[in-house]
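Novice: Take this structure first; my questions come after.
The values are calculated or read from the model by the stated rules, or taken from the named source; none is laboratory data. Given the structure is predicted, the values throughout are model-derived calculations rather than measurements. Counting neighbours? That spans all protein chains shown, and the Cβs are built from the backbone with ideal geometry, glycine included. Quick note on the areas: whole protein, heavy atoms, side chains included, nothing else; ligands and nucleic acids left out. Shrake-Rupley method; radii C 1.70, N 1.55, O 1.52, S 1.80 Å.
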Amino acid sequence: MSDDFDFEPVPGLPAALPEGETLLWQGSPDWLSVARHVYHAGLVIGYFTVLIAWRLFSAYWTGADMTAATGSALTISVVVAIVMGLIGLLAWLTTRTTIYSITSQRVLMRYGIALSLTVNLPFSRIGSADLALNRDRTGNIALKLIGDGKLGYVHLWPHVRAWYLKDPQPMMRSLPQPASVANLLSKAMLERLPEASRTAIVAADAATAQGATSSAPFGAASA
C-alpha cells in the first residue's frame, strides 16, 4: 500500500527543519485511548448493553415470547459489533495519520484522515500547557495560545481541548507517556526562553503522573 505522506522529508514534518532547529520528539496517539476518549466507545457499548438488557427484561416481565426477544437482542448485538468495528477503524486511522512533533523551537501537529493538515505552533505562541491524565495511563497536553490569530475549533478537532469553543486550545491527545512528553516540552521551552523569563517557568516533571491535571505556564517566549 502506498504511503500518503511520501512527500514529507521526515514523517510528520511538512518540510525540512531550518538550520539550527532540531527534532526532539515525535509521537502518535494510542488508538485504544482515542477510541475511548474521542469516539466514546465505552458510552456506545454501555448504551447498547442497557438496550439489550431492557429488551430481555421487558419480555420476561410482560410474559412475551422470549425467543423473539432473544432474536432481537442478537440483532442489536450484531449492530453493536458493526458500530464498534467502525469506531475502532476511525480510531486506528486517526492514530495512523497523526504525528505530534516537538522541536527546539516549536510544536507541530500533523493530522487528518481525508485531508492532511499541519498546525505549526512556535513556542512564542504558547502561553501555557495543561497536562491531564486519563485512567488508562495515557494523557493529553493542551496548549493555551497567546497573541493574535486564533485557530478554529472545528479546524483542530479532535486535536483540541473539549468545550473551549471561544478560545480553542490545540491538544496532543492520548499520549502513551504524557508526563515525560510534558517534561520534555517544558525543558525545550526553558531553553528557548530568554533569561528574563526563566523565573516564569514551571516544569511539568514526572511527579505530575500522580495527579489529574498539571498546568505549566511558560510565559512569553522569544520568536
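Novice: It is to be established whether one or more residues within the range 120-131 are out of contact with any Ser or Thr (no Cβ under 9 Å at 6 or more places or on another chain) and within 19 Å of E8 (Cα to Cα).
Specialist: Checked against the condition, which is being out of contact with any Ser or Thr (no Cβ under 9 Å at 6 or more places or on another chain) and within 19 Å of E8 (Cα to Cα), the range 120-131 yields at least one hit.
Novice: Quick check on the range 112-129: of everything there that is open to solvent by less than 30 Å² (accessible area, probe 1.4 Å) and part of a strand (DSSP E or B), which residue is farthest from A91 (Cα to Cα)?
Specialist: The residue in question is G127.
Novice: Related question: Could you please find all residues in the range 50-71 being β-branched (V, I, T) and either open to solvent by less than 80 Å² (accessible area, probe 1.4 Å) or in contact (Cβ under 8 Å) with a residue 24 or more places away in the chain (or both)?
Specialist: Across the range 50-71, the qualifying residues are I52, T70.
Novice: In the range 72-88, is there at least one residue being open to solvent by 50 Å² or more (accessible area, probe 1.4 Å) and within 19 Å of the chain's Cα centre (by Cα)?
Specialist: yes
Novice: Out of S33, S116, S104, report the one residue that is touching a residue at least 40 places away in the same chain (Cβ under 8 Å), hydroxyl-bearing (S, T, Y) and closer than 21 Å to R137 by Cβ.
Specialist: Going through S33, S116, S104 in turn, the sole match is S33.
Novice: On to the next question. Could you tell me which of the residues S186, S180 is polar (S, T, N, Q), open to solvent by less than 50 Å² (accessible area, probe 1.4 Å) and either more than 18 Å from H37 (Cα to Cα) or modelled with pLDDT of 50 or more (or both)?
Specialist: Only one candidate passes the filter, namely S186.
Novice: Then there is this: Touching a residue at least 24 places away in the same chain (Cβ under 8 Å), of a type outside the set (F, W, Y), within 26 Å of R173 (Cβ to Cβ) and surrounded by 11 or more Cβ atoms within 10 Å (Cβ to Cβ), is that true of V38?
Specialist: Values: touching a residue at least 24 places away in the same chain (Cβ under 8 Å): yes; of a type outside the set (F, W, Y): yes; within 26 Å of R173 (Cβ to Cβ): yes; surrounded by 11 or more Cβ atoms within 10 Å (Cβ to Cβ): yes.
Spelling it out, V38 is indeed touching a residue at least 24 places away in the same chain (Cβ under 8 Å), of a type outside the set (F, W, Y), within 26 Å of R173 (Cβ to Cβ) and surrounded by 11 or more Cβ atoms within 10 Å (Cβ to Cβ).
Novice: Name the one entry in L151, L165, L143 that is touching a helix residue (DSSP H, G or I) at 6+ places or on another chain (Cβ under 9 Å), over 19 Å from A35 (Cβ atoms) and open to solvent by 10 Å² or more (accessible area, probe 1.4 Å).
Specialist: On the way: L151 fails: touching a helix residue (DSSP H, G or I) at 6+ places or on another chain (Cβ under 9 Å); L143 fails: open to solvent by 10 Å² or more (accessible area, probe 1.4 Å).
Within the list L151, L165, L143, the selection yields L165.
Novice: Right, another one. Given L165, L143, which one is free of Cβ contacts under 8 Å to residues at least 40 places away in the same chain and within 16 Å of W25 (Cβ to Cβ)?
Specialist: L143
Novice: Moving on to the next point. Identify, please: which residue in the range 12-35 is of a type in the set (A, V, I, L, M) and assigned to a loop (DSSP other than H, G, I, E, B) and is, among those, most open to solvent (accessible area, probe 1.4 Å)?
Specialist: Only one residue fits best here, namely A16.
Novice: Still on this structure, please answer the following. Answer yes if at least one residue in the range 202-223 is of a type in the set (S, T, N, Q), modelled with pLDDT under 90 and touching a Pro at 6+ places or on another chain (Cβ under 6 Å), and no otherwise.
Specialist: yes
Novice: What are the residue pairs meeting all of these: first residue in the range 84-101, first residue over 15 Å from W157 (Cβ atoms), second residue in a helix (DSSP H, G or I) and among the aromatic types (F, W, Y), Cβ atoms under 7 Å, and 6 or more apart or on different chains?
Specialist: From residues that are over 15 Å from W157 (Cβ atoms), the pairs are W92/W31; T95/W31.
Novice: Next question, about the same structure. Condition first: in a helix (DSSP H, G or I) and of a type in the set (A, V, I, L, M, F, W, C). Now tell me which residues in the range 36-55 satisfy that.
Specialist: Listed by number, the residues that qualify are A41, L43, V44, I45, F48, V50, L51, I52, A53, W54.
Novice: For residues that are in contact with a helix residue (DSSP H, G or I) (Cβ under 9 Å, 6 or more places away or on another chain) and open to solvent by less than 10 Å² (accessible area, probe 1.4 Å), scanning just the range 95-110, find the one that is nearest to V38 (Cα to Cα).
Specialist: Here the residue is T98.
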